[in-house]
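What follows is a short report on a single structure.
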Amino acid sequence: MKILGIESSCDETAASIVEGKGDSVKVLSNVVSSQIDLHKKYGGVIPELAAREHVLSVLPVVETALKNAGIKKSDVATELNGIAVATGPGLVSSLMVGIETAKTLSYVHNVPSISINHIEGHVFANFIENKNINFPAIILTVSGGHTMIILMEDFNKFTTLGETRDDAAGEAFDKAAQLMDMGYPGGPAISKLAQRAKAANNIKLPRPMINSGDLDFSFSGLKTALLYELQKDPNYKKRLPEYCLEFQQAIIDVLIKKTITASRGHEAKSILLAGGVSANIELRTQLDQAIKKNIPGTLFVKPELSYTTDNAAMIASAGYFKARENTFTPWNKLDVNPTLSI
Ligand code: KG4
Ligand code: ZN
């Protein structure tokens, strides 16, 4: 079963073709056109600019994805079993571009369309070359827009166990990087600079809600705590790697503690990482170590780095698991759902 995926919920225009078999998918092509350079100078994504850029990129990106997968335009109707598109959550005007494209392709080629929740898409990045994920699974979903702990009991059964009450983990990285004048996106910049410090020395930041007894998060106070520390330190510019190390570790400590607690509580057989922040090498390594130490025998799965930040292979992968259950959305019913939750 071959599925075309389209993703345009924020600042990446992406298209991908995957082939699904059993409980796993194989990526035949994966094209991402990133707008990072466009938004960098503003320190964040400008929705109006993002949507205009999606309009320019979407068809060339789809065309390249089809070509790279060896599918001719004339064979789309016979080769593809579904067209999956992210319909939310995300920026309305950006989502609309991907949706309108999927609708049109579905109408013209008579291929059924599939509506995909962007967060579920991140989860299904873990089913690319699936290595026997067993349920129940706990998914730590950490992106620029979301921080959630999700219980997955089957391919279509998700429950949110906890989420952030304010900023998402990725958002916290982005805002902290702005405070330290390190550009956008903040996560990669902070994690890179943190590698230069051996220890955080006397810099100490809080671990918000680490002992709250629930699975919720709060990261906006952490950014404010960092700001106060920077204001107190006339030499902070020379100690940026130490600040980055401590800031990153504060986030990782909270994420790991709650993921282990949730996994214990639900006797998880697998733990999955999802979302842009799952590209963070320290988070990947330390979570792996914590699982081995605290709940040995639990399978730990993380997406390949190229499928951590926004991409369409994850949307196509989620599409395959819906298509095989015949869960399609007619093209004339595809609609934007900017605040879609899981
Ligand atoms: O999943 P994603 O591409 O977009 C959303 O759905 O939000 O996530 C983007 C977020 C950004 O906030 C970015 O700073 C963060 O992921 N990120 C990282 C790393 N790479 C990307 N955060 C920490 N460490 C990284 N290496
Ligand atoms: Zn995302």
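The values are calculated or read from the model by the stated rules, or taken from the named source; none is laboratory data. Keep in mind the model is a prediction, meaning the values are calculated, not measured. Heads up, the Cβs are rebuilt from the backbone with ideal geometry, glycines too, and the neighbour counts pull from every protein chain shown.
Structure values in brief
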{"item": "Unmet criterion (only one of (1) in contact with a His (Cβ under 8 Å, 6 or more places away or on another chain); (2) crowded, with 24+ Cβ neighbours inside 10 Å) for Leu272", "result": "(1)"}
{"item": "Any chance Thr141 is away from ligand 2 (no atom under 14 Å from the Cβ) and in contact (Cβ under 8 Å) with a residue 12 or more places away in the chain", "result": "no"}
{"item": "Flag for Ala177 being closer than 20 Å to Ile256 by Cβ and not charged (D, E, K, R)", "result": "no"}
{"item": "Filtered residues of the stretch 1-13 (kept if under 28 Å from Ala189 (Cα atoms) and in a strand (DSSP E or B))", "result": "Ile6, Glu7, Glu12, Thr13"}
{"item": "Sole exception among (1) within 12 Å of ligand 1 (Cβ to nearest atom); (2) more than 23 Å from Ile203 (Cβ to Cβ); (3) surrounded by fewer than 24 Cβ atoms within 10 Å (Cβ to Cβ) for Glu282, by number", "result": "(2)"}
{"item": "Residue in the stretch 267-282 that is assigned to a loop (DSSP other than H, G, I, E, B), within 16 Å of ligand 2 (Cβ to nearest atom) and at positive phi present", "result": "yes"}
{"item": "Members of the stretch 19-46 that are in a strand (DSSP E or B) and either under 11 Å from Val62 (Cα atoms) or within 12 Å of ligand 1 (Cβ to nearest atom) (or both)", "result": "Ser29, Asn30, Val31, Val32, Ser33, Ser34"}
{"item": "Residues that are more than 16 Å from ligand 1 (Cβ to nearest atom), surrounded by fewer than 16 Cβ atoms within 10 Å (Cβ to Cβ) and closer than 29 Å to Ile138 by Cβ, drawn from the stretch 161-203", "result": "Arg165"}
{"item": "Any hit, the stretch 225-237, residues being in a helix (DSSP H, G or I), within 16 Å of ligand 1 (Cβ to nearest atom) and either in contact with a strand residue (DSSP E or B) (Cβ under 9 Å, 6 or more places away or on another chain) or at pLDDT below 95 (or both)", "result": "no"}
{"item": "Any hit, the stretch 301-314, residues being closer than 20 Å to Ala262 by Cβ and either more than 14 Å from ligand 2 (Cβ to nearest atom) or not in a loop (DSSP other than H, G, I, E, B) (or both)", "result": "yes"}
{"item": "Criterion (assigned to a loop (DSSP other than H, G, I, E, B) and surrounded by fewer than 18 Cβ atoms within 10 Å (Cβ to Cβ)) met by exactly one of Gly144, Gly213", "result": "Gly213"}
{"item": "One residue from Lys269, Lys257 being without any contact (Cβ under 8 Å) to a residue 60 or more places away in the chain, more than 16 Å from ligand 1 (Cβ to nearest atom) and under 29 Å from Phe155 (Cβ atoms)", "result": "Lys257"}
{"item": "Of the criteria (1) within 16 Å of ligand 1 (Cβ to nearest atom); (2) in a helix (DSSP H, G or I); (3) closer than 21 Å to Phe328 by Cβ, which one Ser16 fails", "result": "(2)"}
{"item": "Test: residue in the stretch 53-72 that is at pLDDT 95 or above, surrounded by 17 or more Cβ atoms within 10 Å (Cβ to Cβ), more than 15 Å from ligand 2 (Cβ to nearest atom) and part of a loop (DSSP other than H, G, I, E, B)", "result": "yes"}
{"item": "Filter result (in contact with a helix residue (DSSP H, G or I) (Cβ under 6 Å, 6 or more places away or on another chain) and of a type in the set (Asp, Glu)) within the stretch 300-342", "result": "none"}
{"item": "Checklist (1) over 30 Å from Leu245 (Cβ atoms); (2) away from ligand 2 (no atom under 16 Å from the Cβ); (3) within 15 Å of the chain's Cα centre (by Cα) applied to Ile149, failing item", "result": "(1)"}
{"item": "Which listed residue is closer than 18 Å to Ala197 by Cβ and among the polar types (S, T, N, Q), from Gln249, Gln231", "result": "Gln249"}
